[in-house]
Amino acid sequence: MAAAFRDERAQVVATLIRLTGDWDLAEECAQDAFAAALETWRRDGVPRRPGAWLTMVARNRALDRLRREAVGAAKLQEVIVMRRSEGAPEPDFADDSGIEDDRLRLVFTCCHPALALEARVALTLRTLAGLTTGEIARAFLVPEATMAQRIVRAKRKIRNAGIPFRIPPAHLLPERVTGVLAVVYLLFNEGYSATEGADLVRTGLCAEAIRLGRSLADLMPDEPEALGLLALMLLHDARSAGRTEDGELVTMEHQDRTRWDAAQIEEAEALVERALRRGRPGPYQIQAAIAACHATASTWDDTDWPQIAALYGELARVAPSPVVELNRAVAIGMAEGPAAGLARLAETEGALKDSHLLHATRAEFLRSLGREAEADAAFAQALALVANDQERRHLERRRTNRSM
Amino acid sequence: MLVCVPVEETGDDADFGPYLAAARGHVTGTTRLRPASEATTVRAEGGEVLLSDGPYAETREVIAGVDLVEAPDLDAAIALASLHPAVLGGGAIEIRPVWK
Amino acid sequence: MKYMMLVCVDPNADFTDVESVEPWVEENDGRGTRVTGHELRPIAEAVTVRVRGGELLVSDGPFAETKEIIAGFDILECESADEAVAIAAKHPIAKKGAVELRRFADHEFSA
């Protein structure tokens, strides 16, 4: 029953927002409906269509509350007109295509670009994922009052600035879809960058992001990037068990690949293929394809490096960034040898001169070429720039351990 | 005439009486804007539309409204502005001539 | 819904390559999405008025020193924030400076 609740919550809230235009009322009435369900379903069993049942109860509750509180004649009018247009006292839920769209409307509204990014993230977790304000606050390491204020402000702006509750029209859609996917990927990365212990709440964000990614892939079956993002998150997540050993970061090269989640990798691979068959590659699909190459290789050396180098070339074309160029140089170094990698790296140095990753990569190439003095100087540069303790210890080990 | 108030001031209890009396016949349009925290700023770069949450500039005072004034001279506009509750209540009025 | 569109520019920027605003004005006047609007004279001609402790204080210049200043405004009548954003994005100054959108408060004072 708890699972049914979680799955249906966003749907019920979304439909109530469309009908009443009031986010707080929608959430409260959804809550009331779930409380009623708890009682009724225990007695009579779970109905055949739990979502429709919950929506109907929440909707009636909203109507009652609007009537009783007489919040505003206009608002009440709207609900009455809405009811009348349905024509029957027993609403017909047979056709729920419109209701299905409500969740998508909610997605696009929560991720509207006129909202600050942190507000989009908070609202998505609160309204779509159903996390409590306290949970979201802990995940983002801010006081609960701050997070509550952020959510209140975002809802106020949606209402008062006239942000529409709708699926954007075709000419806005590509850009808005990109925005929605970016919010979900940001959530995932927030969780992924946390590793252990006190960070457990944050790692929970990965599971939330994957859950949201799954519903986006469901809601937008024709959008290959939604599939790509889901595949990418599944692949990263499948490898997460191998990322640390005794609390220390292990690079992919040295990870125990038997600890990776093979079933999840298989699922993601199928998603990547399905997405790429549509012939509209985008940054998430390409990154997923790269991650799939890594995930399916039996060892670091057996990895299909020429393929990865080619994919990074494609990624650099559709979504150029210094980090992509850096990764491309690593792949070229693996595919064609350290000298080729070093040459490629030289072309990207300007943009990344303050990144420890650039110097660490250069150090590794130089060492492979036997240029020890230069390699040591590059490690020193990397160490001077690194901020994360785990990464610092890793670099120090690499610097002194010449046999690796 | 840009009506500027300290950021979180709502001014709901402001007394517009004297201002409105003086403004009769001179103010051709008046608007009161919703808070700057609900503003959206639009930029376009290379065909891409960039949105940001909030006003174009973070300032201590924000524009709360705009009045279009038809005044014979600046002194008349200042006299009118000095009666506006925003000016009396800790805010300011910026008077800007309009291109003819 | 009515929106105030504040057209903001960096006065030191080079405006020689900015397109004319006329087609934008004509299109939106024609569609009824632009209620009115004006270009403002330069910020150097601005005067700021305050009354403190009963004393009238008039200062030269704008109310706030910012890199970008308000060069003009338009009042829009739109269905939603999305429509207002779409119209604002087509204003030639959106490419050069910024356009701030603020919805009107529900109540108005009539003069």
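Odds and ends about this structure:
- Remark on the range C:16-103: hydrodynamic radius 15.1 angstrom, per the Kirkwood mean of 1/r across alpha carbon pairs.
- Placed amide H near residue B:33: partners under 5 Å, 5+ positions off or other chain: B:65, B:66, C:105
- Geometric extent, Cα atoms of the range A:92-192 - Rg, Dmax (angstrom): 14.2, 45
- Top of C:20, C:59, C:80 by mean-square fluctuation, Gaussian network on chain C, Cα under 10 Å: C:59
- In this calculation the C-beta distance from residue A:259 to residue A:156 is compared with R0 = 51 Å, giving a FRET efficiency of 0.65.
- Helix A:322-336 vs. chain A, principal-axis angle (Cα, 0 to 90°, nearest 10): 50 degrees
- Listed residues A:162, A:181, A:254: farthest to the positive end of the dipole of the range A:161-288 (Cβ charges): A:162
- Applying the Karplus relation 6.51 cos²θ - 1.76 cosθ + 1.60 with θ = phi - 60° to the range C:83-99 yields 3J(HN,Hα) values of 5, 4, 5, 4, 5, 4, 5, 8, 5, x, 6, 4, 7, 10, x, 8, 10 Hz, where x marks Gly and Pro.
- Other residues whose C-beta falls under 13 angstrom from the C-beta of residue C:58 contribute a net charge of -2, scoring Lys and Arg +1 and Asp and Glu -1.
- Couplings 3J(HN,Hα) for the range A:54-60, derived from phi with the Karplus relation 6.51 cos²θ - 1.76 cosθ + 1.60 (θ = phi - 60°), are 4, 4, 5, 5, 5, 5, 5 Hz, where x marks Gly and Pro.
- Think of the range C:16-103 as a dipole: +1 on every Lys or Arg Cβ, -1 on every Asp or Glu Cβ, centred on the Cα centre; then among C:81, C:71, C:48, C:48 lies furthest on the positive end.
- Expressed as a fraction of 2.2 N^0.38 Å, the value expected for a compact globular protein of N residues, the C-alpha radius of gyration of the range A:279-353 is 1.08.
- Anisotropy class of the protein assembly as shown from Cα gyration tensor, a/c 1.5 cut: oblate
- Between the range C:1-68 and the range A:110-167, the C-alpha centres lie 32 angstrom from each other.
- What the phi angles of the range B:86-93 give under the Karplus curve with 6.51, -1.76 and 1.60, with θ = phi - 60°, is a coupling list of 5, 5, 7, x, x, x, 8, 10 Hz, glycine and proline written as x.
- Using a Gaussian network model of chain A in which every pair of alpha carbons under 10 angstrom is joined by a spring, one finds that among A:208, A:248, A:69 the greatest mean-square fluctuation is at A:69.
- Candidates A:139, A:384, A:288: whichever shows maximal mean-square fluctuation once chain A is modelled as a Gaussian network with Cα springs under 10 Å: A:384
- Amide H contacts for residue B:50 (H built 1.01 Å from N in the peptide plane; partners 5 or more residues away or on another chain; cut-off under 5 Å): B:43, B:44, B:45.
- Cα pair count fraction exceeding 22 Å, expressed as % - chain B: 37 percent
- Cβ charges +1 (Lys, Arg) and -1 (Asp, Glu), total dipole of the protein assembly as shown, debye: 920 debye
- One Cα centroid belongs to the range A:248-285, the other to the range A:1-62; the line between them spans 36 Å.
Where a number appears in this text, it was derived from the coordinates with a stated rule and is not lab data. Values in this document were obtained by computation on a predicted structure and should not be read as measured data. In this analysis, Cβ positions are derived from the backbone assuming ideal geometry, glycine residues included, and neighbour counts consider all displayed protein chains.
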